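Right, one structure below, let's go through it.
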Amino acid sequence: MAGDIFSGSRRFSDGMNALGLAAVCGVLLMAFIWQVAFDELPCPLCLLQRVGFVLVGIGLLLNVRFGPSPLHYALILFSALAGAFAAGRQMLLHIGPADPGYGSPFLGLHFYTWAFVLFVLAMAWTAAMLVIDRACADAPRVRRNGPLVRAIIWLFFALVAANLVLTLLECGFGECADDPVSYLWWPR
Amino acid sequence: MTGRPMIMMLPFLTALLAIGFAISGRRGACIGLWVVTLLVFAAWCQYHMTGVLPISL
């Protein structure tokens, strides 16, 4: 009976981790589309928040590829904390009443504020998943993922590669401007 | 800005390698590169967070 319960929760946990990775892909895809379609270049802190989402995604990917583990959930928590730190810092930079903020708002909030909200949600999600996966131990085993999960994994890989290329085009092999207005290697 | 060299795309590169290792089934290498990415993230945060915030906490 207990085995059935844990087997059911494991299937649920697998689905939730794949869904979480898809959500991270959604965030990265949104940032990618906004940057290319609306020509809004990300500032260094914006790029660091993207790195925070990528780090969260790696923790989720480990759960998807090797099975859930407290270690993988710890990586997600550390990543979300790091991302929330960068997003919170940018919120505080623009919190003054006369400050217009950086970039265009989306649904009434700037992207760094959305990022902060999402990182906090990622922490709450991880706490909930640690309750659901409380019986899991750190026993990594490479899994055979289904076609849909494989598609999510490769989409994640492609989006991180796209971010690498865009950052290279914007900043080259150096630092990015604090308030970028054009790409270093992409005349548009 | 502190005048020290920094490469903004570096954490994306290390993260991409980490993802590649996870896909190929090498968990230890993936976690190692996750740590490297987090360290670069922390260093780049320190690099870009040198200004004083216009608020009192």
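Here is how the numbers come out for the structure above:
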| item | result |
| --- | --- |
| Residue order, fewest to most beta carbons within 10 Å, for A:GLU170, A:GLU40 | A:GLU40, A:GLU170 |
| Dipole moment magnitude, nearest 20 debye, chain A about Cα centre, only Lys, Arg, Asp, Glu C-beta charged | 840 |
| Estimated distance in nm for a label pair at A:MET30 and A:TRP154, the labels positioned 7 Å out from Cα along Cα-to-Cβ | 2.6 |
| Sites A:ASP178 and A:ASP138, calculated FRET efficiency, Cβ-Cβ separation with R0 41 Å, nearest 0.05 | 0.50 |
| Ranked list, fewest to most other Cβ atoms within 10 Å of each Cβ, for A:ARG144, A:ARG89, A:ARG50 | A:ARG144, A:ARG89, A:ARG50 |
| Fewest-first sequence of A:VAL181, A:VAL56, A:VAL24 by Cβ atoms within 10 Å of each Cβ | A:VAL181, A:VAL24, A:VAL56 |
| Principal-axis tilt of helix A:70-93 within chain A, Cα atoms, nearest 10 degrees | 20 |
| Taking segment A:80-188 and dividing mean pair separation by its residue count, relative contact order in percent (alpha carbons under 8 Å, at least six apart) | 19 |
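Values quoted throughout were computed directly from the atomic coordinates according to the rules given, and no laboratory measurement underlies them. Keep in mind that this is a model prediction, so the values were computed, not measured. Quick reminder, even Gly has a Cβ in these numbers, built from the backbone with ideal geometry, and neighbours come from all protein chains shown.
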